[in-house]
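These notes are about the structure you will find just below.
No value in this document is a laboratory result; all are computed from the given coordinates. The structure presented is a predicted model; accordingly, all values stated were derived computationally and were not measured. A quick note on method: Cβ atoms are made from the backbone with ideal geometry, for glycine too, and the neighbour counts reach across all protein chains shown.
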Amino acid sequence: MKKHIIFSIVLFSNIVMFAQNQNYNIRSRVLTLEDSIPVSFATVRLMQPDSVMIGSTLTDLNGLFGFDTTLKEGMFLSISSVGCKNTDVVLPCDTMIYIESTNKLAEVVVRGSKKYVKGTPRGLQISMAGNPIAKLGNAMEAIKYLPMIDTSGGGISVLGHGTPVVYINNRLVRSTSELSSLSANDISNVEIITNPSSKYGANVSSVILIRTKKLNEGFHAVAAGNVSASEEWSESVDVSLNYHTKSGLTVLGDLSYGFSGFKQDRHYIECFYSESNPESKYRSDTYSKAKSKSQSLMADAGLNYDFGTNSIGAKYTFQRTPKSHYSGNAKSVIDYQGTEDVIASISDLYNQSSMHHVNTFGSFALPVSIWLRIDADYVKSYRTSNSGVDENNSTNMVYNSNVSKASLWSGKIVLSRKISKVEIEAGSEISYTRNNQDYLGASTGNLDFITPETDNVKQYLYAGFVSFNWTPNNIWNMYGGLRLESTNTDFRQNNVLREDLSKSYTDLLPNLGISFNSSIRMSLFYRASVSRPGYQSLDNTYVYVTPTLWETGNPELRSTLRHKIGLNLYYKKFILQSSFTMNKRNVTSIYRYDNTDCINVVQPVNLPDYNSFQLVAVQQLDFGFWHPTIQGVFYVQDLKYGSPVRKYDKPLYTLSLNNRFDIPGSFYAYLNLFGLGTGNQDVIYSRGSWQASVTLNKTWKSWAFTLSANDIFNTWRQKFDTFTNTVDYSSDIKGGSRSIALSIRYTLNAAKGKYKGKTSRQDEIDRL
């Protein structure tokens, strides 16, 4: 750890060496007055009192610029940008400079005429000023209708780039309840980054940046409620409060409660045999009905204090699942060489969890326009799981109990400076994670793999990174970076050190890109990334699924390394993204036959190296009141795996048609169609499915009403096959997707103050 602290100090010293002793440094951001959108590539001139220019610069993609000067009375800045009024600002100036747009009326009043989406070197930027999507109740609902976004799986996914990390005003979002508490009308713009820089972490594949409107002084509040009905009822309520003063103090708090339930019909078919005796085959046909009910609670409180160009803050978040109950009734018909056996089972699973999270941050303007950002986190979590299975009226009973305790300490330092037309960032991170798993299991069937076990994992992670962004003019942009991560893991099983499982490795992760912007924006990039398995995946205890299927982890898992090369094209309202990826040690779950206990075991493993190609296309159209968006993804891989070796190379595609209809009376209607085709991803073969959803939105004064119906034809299925080793497994899950929901939101004073801190090691928090 000592050497990494020295590294951070040296890194800081090297950047500070850029400094010269100046009397005054300017570090500001240019934003539009109407909706607080960063003004990119604006010309900023430093002027003497007699209007003689001293120097000039361009703002970067985030509207940032800087000057170093000896301040004299009467000096001012002259700011100009296409589509905005020329603005003069007398020095000294604020950190935020607002300029007025010259085409405000046309952008807001003329529906469908504004181009809300524009390409950036790293992705997309969506303006919310005048955008009908901003009429939707909250940020979570608004994100669903942004281009490149897929929510068919229940969560948020960026097409072709997986699950993103989400930021609100540079603060990392840790729960979807935070998005539900943010009014969509308070958002100024959203940026979708499909090629993140080195500062975002080695495992981050995509980023969603949400920026809110200019703060209003005084008290602000949002109250929202949601109720939905499917096979079971779900409901939630959220209250968000904050108070912003003229002196720069923002006090905020949020409280949310949710209850959710669902029912599903599930059908599993398993065929498995011993490799040494292929003629000895088992076939298991399982039908089950599953039901789940859970409660969730989240509360947080925090504050920001802005003083001059500096800001500090702290926030505490508490999350708890007081009760989560899963129950299932299953009937399995097992056929072994013509001999049939029927097993009826009843299962119950109870979960409880809690998490405490403290985050602190500081942002400071140092000499010669250097910005220092510090984030620190402490997380403590607790999770219990108890399950019981009764087969054939107690002829065989299985009990499982798992207690997980985890804690995390982490810190992150980032230094940034703009030198001429180059913005440089450098920083370091350090984290310490501890995860303890206590497992207890028993079975009347005397299964020998159910044994008490205690796993203790300690991990030290050190990282350093540097990145640059060079914008010589409005046409060209070049960016790149380098990230170095070193990980040391101590793995103890039943208090005995497992040297074979205690890993230490170092990853060097570069990224580089170049962008050309004319009538067509083109971006070519390369990026290396690494993702580490969650701690639950490393736990090798066994969990009952069906009489013939058990699930376990794998302590021998290694991290996944990916090298991606991509080419992106943006033309008007058409987006085309292509990428080629080399996947090393990718983690996926496979099925294997345990000949000793005559069961099928699902377990995560590292796959052999393979390559994949992906194509993402988005086309936005406008036909009067009808605004359709067509989105498609094509994916193909060359994976070979198993014993006997099988090919998993069938192309996979998805296709969606999202429609917005502008209805008189400030109504907006949405009709979305989504289809998943057949094909392979990893060792999974998707058998395809589709669904349709509709949404009706109406805003009235401070109220927002949203009525939605999901999977209205009840067509969505989770259907897939996998054929690995000597196991053929098929799954068909139906239910839980069709629902109708009503959400109501009331906002007292529109623009809100948001906490400015951001988590230093979110990837480690996700692994807990």
Of the residues 165, 204, 121, the Cα lying farthest along the dipole of segment 109-212 towards its positive end, which is defined by charges on the beta carbon of Lys, Arg, Asp and Glu, belongs to 121
Take residue 701 and residue 646, extend 7 Å from each Cα along the Cα→Cβ direction, and tell me the distance between the two endpoints in nm. 6.2
Starting from the Cα gyration tensor of segment 164-285, take the square roots of the eigenvalues, sort them a ≥ b ≥ c, and report rounded, prolate or oblate (rounded when a/c is under 1.5, otherwise prolate if a/b is larger than b/c, else oblate). oblate
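Want the number for residue 247 to residue 356: 0.36 nm per residue separation, take away the alpha-carbon distance, what's left?
Working: separation 109, 0.36 × 109 = 39.24 nm, distance 3.02 nm.
Answer, rounded to one decimal: 36.2 nm.
Sort the following peptides by mean Cβ neighbour count (other Cβ atoms within 10 Å, averaged over residues), highest first: 338-349, 722-733. Provide the component values of the computation, followed by the final result.
Values: 338-349: 13.7, 722-733: 19.1.
Most protected by this proxy first, the peptides run 722-733, 338-349.
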With +1 assigned to the C-beta of every Lys and Arg and -1 to the C-beta of every Asp and Glu, and no other charges, what is the dipole magnitude of segment 240-304 about the Cα centre in debye, to the nearest 20? 320
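Using a Förster distance of 60 angstrom, determine the FRET efficiency expected from the C-beta separation of residue 344 and residue 508, and round it to 0.05. Mind showing how you got there, number by number?
Numbers: r = 55 Å, r/R0 = 0.92.
About 0.60, to the nearest 0.05.
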Cβ under 10 Å from residue 205's Cβ, residue 205 left aside: what net charge do those residues give with Lys, Arg +1 and Asp, Glu -1? +3
Across segment 656-664, in residue order, what do the Karplus-derived ³J(HN,Hα) couplings come to in whole Hz, using 6.51 cos²θ - 1.76 cosθ + 1.60 with θ = phi - 60° and x for Gly and Pro? 9, 10, 9, 10, 10, 10, 8, 10, x
How many angstrom lie between the Cα centre of segment 141-187 and the Cα centre of segment 705-738? 23
Between segment 576-616 and segment 220-279, what is the separation of their alpha carbon centroids in Å? 28
When the dipole is taken about the Cα centre of segment 109-212, and only Lys, Arg (+1) and Asp, Glu (-1) are charged at their Cβ, what size is it in debye, to the nearest 20? 300
Estimated 222 nm signal from helices in the chain, with DSSP H stretches of n ≥ 4 weighted -39500 (n - 2.57), rounded to 500: -1500 deg cm²/dmol
Cα-Cα separations in segment 109-212 greater than 21 Å, expressed as whole percent: 29
In terms of modelled amide H atoms, which long-range or inter-chain residues lie less than 5 Å from the amide H of residue 249? 306
Given a Förster distance of 56 Å, the FRET efficiency implied by the Cβ-Cβ spacing of residue 86 and residue 407, rounded to the nearest 0.05, works out to 0.55
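For the chain, what is the percent of antiparallel DSSP beta bridges, rounded to the nearest 5? Display every interim value, and only then the final one.
Values: 395 of 406 bridges.
Here the antiparallel bridges make up roughly 95 percent for the chain.
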What order do you get for 185-192, 315-322 when each peptide is scored by the mean count of other beta carbon atoms within 10 Å, highest first? 185-192, 315-322
Hey, rough spin-label estimate for residue 497 and residue 279, points 7 angstrom out along Cα→Cβ, what's it come to in nanometres? 5.2
Diffing segment 63-73: the Karplus 3J(HN,Hα) column from phi (6.51, -1.76, 1.60, θ = phi - 60°), in whole Hz with x for Gly and Pro, holds x, 8, 8, x, 9, 10, 7, 9, 6, 10, 4
Where in segment 646-670 is the amide nitrogen less than 17 Å from a point lying 7 Å along the Cα-to-Cβ axis of residue 615? 650-656
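As an exercise, use a Förster radius of 35 Å and the Cβ-Cβ distance of residue 233 and residue 301 to find the FRET efficiency, rounded to the nearest 0.05.
On the way: r = 30 Å, r/R0 = 0.85.
After rounding to 0.05, the efficiency reads 0.70.
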Only counting other Cβ atoms within 10 Å, I'd like 468, 713 sorted with the fewest neighbours first. 713, 468
So residue 335 and residue 565, fully extended at 0.36 nm per residue minus their Cα-Cα distance, gain in nm 77.9 nm
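Which of rounded, prolate, oblate describes segment 502-573, given a ≥ b ≥ c as roots of the alpha-carbon gyration tensor eigenvalues and a/c under 1.5 marking rounded, otherwise prolate only if a/b is larger than b/c? Let's see the in-between values first.
Details: a/c = 6.39, a/b = 2.21, b/c = 2.88.
Oblate, since a/c reaches 1.5 and b/c is not below a/b.
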Measuring from the longest principal axis of the C-alpha atoms of the chain, the long axis of helix 2-16 (C-alpha) lies at a number of degrees, nearest 10, equal to 30
Expressed in nm², what is the orientationally averaged projection area of the convex hull enclosing the Cα positions of the chain? 32.6
Dipole-positive endmost among 321, 308, 276 within segment 247-323 (Cβ charges, Cα centre): 321
What is the magnitude of the charge dipole of the chain about its Cα centre, with +1 placed on the Cβ of each Lys and Arg, -1 on the Cβ of each Asp and Glu, and no other charges, expressed in debye to the nearest 20? 2200
Among 139, 509, 267, whose Cα lies farthest out toward the positive end of the dipole of the chain, if unit charges sit on the beta carbon of Lys, Arg (+1) and Asp, Glu (-1)? 139
667, 272 arranged by Cβ crowding within 10 Å, fewest neighbours leading: 667, 272
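Can you bin segment 275-329 into rounded, prolate or oblate? Criterion: square roots of the alpha carbon gyration tensor eigenvalues sorted a ≥ b ≥ c, rounded for a/c under 1.5, prolate for a/b above b/c, oblate for the rest. Spell out each step's value before the answer.
Details: a/c = 7.52, a/b = 2.61, b/c = 2.88.
It is oblate, given that a/c is not under 1.5 and a/b is not larger than b/c.
Would you mind telling me the antiparallel percentage of the DSSP bridges in segment 109-212, rounded to 5? All intermediate terms of the calculation are to be shown ahead of the outcome.
Numbers: 21 of 25 bridges.
Of those bridges, close to 85 percent are antiparallel.
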For the residue pair residue 451 and residue 556, what label-to-label distance in nm results when each label sits 7 Å from Cα along the Cα-to-beta-carbon direction? 1.6
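Which percent of the Cα-Cα distances in segment 438-508 go past 17 Å?
On the way: 1662 of 2485 pairs.
Cα-Cα pairs of segment 438-508 separated by over 17 Å account for 67 percent.
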